[in-house]
Amino acid sequence: MFSTCNHASAQFGGLFSGGAEIETIDTKALNELLTKQKKLVDRAEHNSSPAPKPNFVLVDVRSEKEVNVSVIPGAITKSMYEKDDARYQGKLVIAYCTVGGRSGAYAEQLTRKGVKVQNYKGSILKWVDAGLPLVTLDGRPTNRVHTYSDRYRIPDKYEQVTE
């Protein structure tokens, strides 16, 4: 049986990445997933029926200072996830941060615990590059985004926060 994986990453992946290869999700797929869930919730509210529970959870692994500026709509914080991880058992965990490094490391930790996880590579910077919306933790729309460092450039429609 032949594998479709890259031989170099098969040989060196564990050496350089420190663990199992983590599945990734891109901006288009994540936006489609979130949009589909929002439509299901909106339809349920319109019909006065219970909203269907998603089969995934979006987890922002950035610091408290960063998430207090904004998150991707539908996201919960890492501390919220960890406080009640049993609630999300069996669901796909989609982790993100600023560019994907911290969320990739967190995804590896979760994988070692047997959690099905994907890393949103490019994370919130790719999200804003696509011009997609952000919200505060209490769900209010915002154009502010914490970029961790001023070395990152974001579209003009957003306000960059680094402190």
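Name the residue, out of Q118, Q160, that is open to solvent by 40 Å² or more (accessible area, probe 1.4 Å), out of contact with any helix residue (DSSP H, G or I) (no Cβ under 6 Å at 6 or more places or on another chain) and polar (S, T, N, Q). On inspection, the qualifying residue turns out to be Q160. Taking the stated definitions as given, is V41 farther than 21 Å from K157 by Cβ, modelled with pLDDT under 95 and β-branched (V, I, T)? Here the answer is yes, as V41 does meet what is asked. Restricting K36, K53 to those that are without any contact (Cβ under 8 Å) to a residue 24 or more places away in the chain, under 18 Å from Y88 (Cα atoms) and open to solvent by 30 Å² or more (accessible area, probe 1.4 Å) reduces the list to K53. Can you name every residue in the range 73-84 that is touching a residue at least 24 places away in the same chain (Cβ under 8 Å) and either out of contact with any Pro (no Cβ under 9 Å at 6 or more places or on another chain) or more than 22 Å from I124 (Cα to Cα) (or both)? Passing the criteria: T77, K78, Y81. Within the range 90-100, the set of residues being surrounded by 17 or more Cβ atoms within 10 Å (Cβ to Cβ) and not small (G, A, S) comprises L92, V93, I94, Y96, C97, T98, V99. Can you tell which of S63, S103 is modelled with pLDDT of 95 or more, open to solvent by 10 Å² or more (accessible area, probe 1.4 Å) and within 24 Å of P133 (Cβ to Cβ)? Sole residue among the options that is modelled with pLDDT of 95 or more, open to solvent by 10 Å² or more (accessible area, probe 1.4 Å) and within 24 Å of P133 (Cβ to Cβ): S63. Closer than 14 Å to I25 by Cβ and part of a loop (DSSP other than H, G, I, E, B): is that true of G74 in this structure? Spelling it out, G74 is indeed closer than 14 Å to I25 by Cβ and part of a loop (DSSP other than H, G, I, E, B). Among the residues of this structure, R87 does not count as one that is closer than 17 Å to I25 by Cα, open to solvent by 80 Å² or more (accessible area, probe 1.4 Å) and of a type in the set (D, E, K, R). Could you go through the range 127-144 and let me know if any residue there is touching a Pro at 6+ places or on another chain (Cβ under 7 Å) and open to solvent by less than 10 Å² (accessible area, probe 1.4 Å). Within the range 127-144, one or more residues are touching a Pro at 6+ places or on another chain (Cβ under 7 Å) and open to solvent by less than 10 Å² (accessible area, probe 1.4 Å).
The values are calculated or read from the model by the stated rules, or taken from the named source; none is laboratory data. Bear in mind the structure is a predicted one, so any value in this text is a computation, not a measurement. All Cβ positions, even for glycine, are placed from backbone atoms using ideal geometry, and neighbour counts span all protein chains on display. The area values use the complete protein model at the heavy-atom level, side chains included, leaving out ligands, DNA and RNA. Shrake-Rupley method; radii C 1.70, N 1.55, O 1.52, S 1.80 Å.
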